[in-house]
1. Add +1 for every Lys or Arg and -1 for every Asp or Glu among the other residues with Cβ under 14 Å from the Cβ of Thr55, and state the total.
2. Using a 1.4 angstrom probe and counting only protein chains, how large is the accessible area of Val7 in Å², to 10?
3. Per residue, how much accessible area does region 22-138 show when a 1.4 Å probe rolls over the protein heavy atoms, in square angstrom?
4. As a test of understanding, state the convex hull volume per residue of region 20-147 from its alpha carbons, in Å³.
5. Roll a 1.4 angstrom probe over the protein heavy atoms and tell me the percent of accessible area of region 28-121 that is carbon or sulfur.
6. I want the local charge near Ser42. Using Cβ-Cβ distances under 10 Å, sum +1 for each Lys or Arg and -1 for each Asp or Glu among the other residues.
7. Can you compute the modelled spin-label distance between Asn181 and Ala144, with each label point 7 Å from Cα toward Cβ, in nm?
8. Hey, what's the per residue convex hull volume over the C-alpha atoms of region 1-81, in cubic angstrom?
Amino acid sequence: VLSNYGVMTLNGATVDNTFEDNVYERGVYNAPAGKFVMNSGSILTSGIGINNIGTANTTSAPAVKIAGGTIRTKANCIYSPADPGLVYITGGTINSTSCTSKATISVYGSINMTGGTGLDQSGVGINLAESATGTISGGTITKAQDSDTTTGTNGWVSGACFQNSGTGTASISGSAIIQNNAGNSSNVLYNASTGTIKITVVRETRAQEEAR
């Protein structure tokens, strides 16, 4: 529906590519030199939400930045086979609804998540492939049942909330919340290959605990 070869910003519009029930349909194609920013609005597809080939890899100018809005798909919400190529998430809701083996977010470059909500109702929540790296310091990644029957799916399949299937390193720290609410035995974290997952627990001060 949208193809970006330069800089594209989504503010409030709805990108709807649900007309054909095809997991290979996509809402946004981000080309190698592209930089795509989503501040608000919606991306709705029967396939992939954002297909990123962009190689930009700094937080000041990433290939893909999600700061707000909603991405709701039946396959990958974000599929980023570009290496390098940074997916930077600071806000928004990212929701894959179909009972398939597709990951909600699959990256081959890097992902940095400081906020937002990743709601996985399909296979894996976030998957790091090959030598991909991940930094998760905020936001929420949740596996949950799909109760929205308008999507044509209702249930769950197994798959970790966060999976490192490659050789890269993932760091999880700060206020990040990763949880399985689906009612099954899926892993919260799964280190599936020779990669590394580092977990740093930040303990609240007494004042912070009392403030809550």
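1. So the environment of Thr55 carries a net charge of 0.
2. Rounded to the nearest 10, the figure is 110 Å².
3. 28 Å²
4. 88 Å³
5. 50 percent
6. Summing Lys/Arg as +1 and Asp/Glu as -1 gives 0.
7. Rounded to a tenth, the inter-label distance reads 0.4 nm.
8. 71 Å³
The values are calculated or read from the model by the stated rules, or taken from the named source; none is laboratory data. Keep in mind that what you see is a predicted model, and the values were worked out from it rather than measured. Cβ atoms come from the backbone with ideal geometry, glycine included; neighbour counts cover every protein chain shown. We work out accessible area using only protein heavy atoms, side chains counted, and drop any ligands, DNA or RNA first. Shrake-Rupley method; radii C 1.70, N 1.55, O 1.52, S 1.80 Å.
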